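Some notes on the structure that comes next.
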Amino acid sequence: MYEDLLEKKLKSENIYDGVLLHVKRDTVMLPNGKESVREWVKHPGAAAVLPVFEDGTVLLVRQYRYPVDCVTLEIPAGKLDSPTEDPLSCAVRELSEETGYTAEHYEKLTTIGTTVGFSNEYIHIYAAHGLQAGRQHTDDDEFIHVVKMSLEEAVQRVRSGEIFDAKSVTAILMTAFSDAKK
């Protein structure tokens with residue numbers, strides 16, 4: 001099915017191998033028989049988690065994001081240690097590190113392809129329930145404020161554009177939509 005859309009990799013080369021990013025340049029055969037070049041970012045994947053309290057409030061993190069040169073409001077998240085790491089293990093780790101919280105139960109919300117035009121990154125998104133406070137223990141290069149607010153306020157901040165990060169928008173709206181159906 002859809003074979004008329006598939007491209008075949010003819011050649012692949014590493015352009016850049018960094019700490020986080022690995023840039024590839026592939027030569028491909030297009031469906032019409034012509035060759036083209038595809039440059040893309042290889043990524044191990046990531047996991048993210050929206051902590052949801054019994055009263056319907058949620059926990060977000062505020063941090064500076066260098067690529068967009070602004071302080072953002074997001075759900076806790078981090079990259080997988082390897083492409084084979086269990087995404088739920090990563091979500092558990094990131095929730096603990098970034099917020100200090102642990103959870104009794106995790107619910108898989110979805111998996112998103114973040115930028116399918118130039119990266120193979122997938123983010124596995126969870127909701128965490130049965131939260132227990134603990135001590136935040138961020139990495140040495142992470143500076144994070146923990147922010148608690150109602151789910152309704154988070155939705156309003158999505159609508160206003162204050163929360164614009166794709167994983168956070170997805171988690172907040174999926175949770176709000178799910179709660180609205182109950």
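For the reader, a short list of remarks on this structure follows.
- R159 falls short on exactly one of the conditions (1) charged (D, E, K, R); (2) free of Cβ contacts under 8 Å to residues at least 12 places away in the same chain; (3) over 26 Å from T115 (Cα atoms), and that condition is (3).
Rundown of residues vs (1) of a type in the set (S, T, N, Q); (2) without any contact (Cβ under 8 Å) to a residue 40 or more places away in the chain, yes/no style:
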| site | (1), (2) |
| --- | --- |
| A77 | no, no |
| P83 | no, yes |
| Y106 | no, no |
| S119 | yes, no |
| A133 | no, yes |
| D139 | no, no |
| K148 | no, no |
| A171 | no, no |
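- Residue match in segment 72-80 (condition: within 14 Å of the chain's Cα centre (by Cα), under 30 Å from D26 (Cβ atoms), basic (K, R) and part of a strand (DSSP E or B)): yes
- With respect to the conditions (1) exposed (fewer than 12 other Cβ atoms within 10 Å of the Cβ); (2) within 15 Å of the chain's Cα centre (by Cα); (3) without any contact (Cβ under 8 Å) to a residue 12 or more places away in the chain, D17 lacks only one, and its number is (2).
- For segment 144-157, the criterion of being under 21 Å from L20 (Cβ atoms) and surrounded by 14 or more Cβ atoms within 10 Å (Cβ to Cβ) is met by at least one residue.
- Subset of segment 44-53 [small (G, A, S) and either closer than 30 Å to E3 by Cβ or at pLDDT below 95 (or both)]: G45
- Selected residue (criterion: farthest from S119 (Cα to Cα)) from residues of segment 28-64 that are in contact with a Leu (Cβ under 8 Å, 6 or more places away or on another chain) and loosely packed, with under 14 Cβ neighbours inside 10 Å: G56
- Residue match in segment 84-93 (condition: at pLDDT 95 or above, buried (at least 21 other Cβ atoms within 10 Å of the Cβ) and part of a strand (DSSP E or B)): no
The values are calculated or read from the model by the stated rules, or taken from the named source; none is laboratory data. It should be emphasised that the depicted structure is a prediction, and the values quoted were computed from it without experimental measurement. Positions of Cβ are generated from backbone atoms using ideal geometry, with glycine treated the same way; all protein chains shown enter the neighbour counts.
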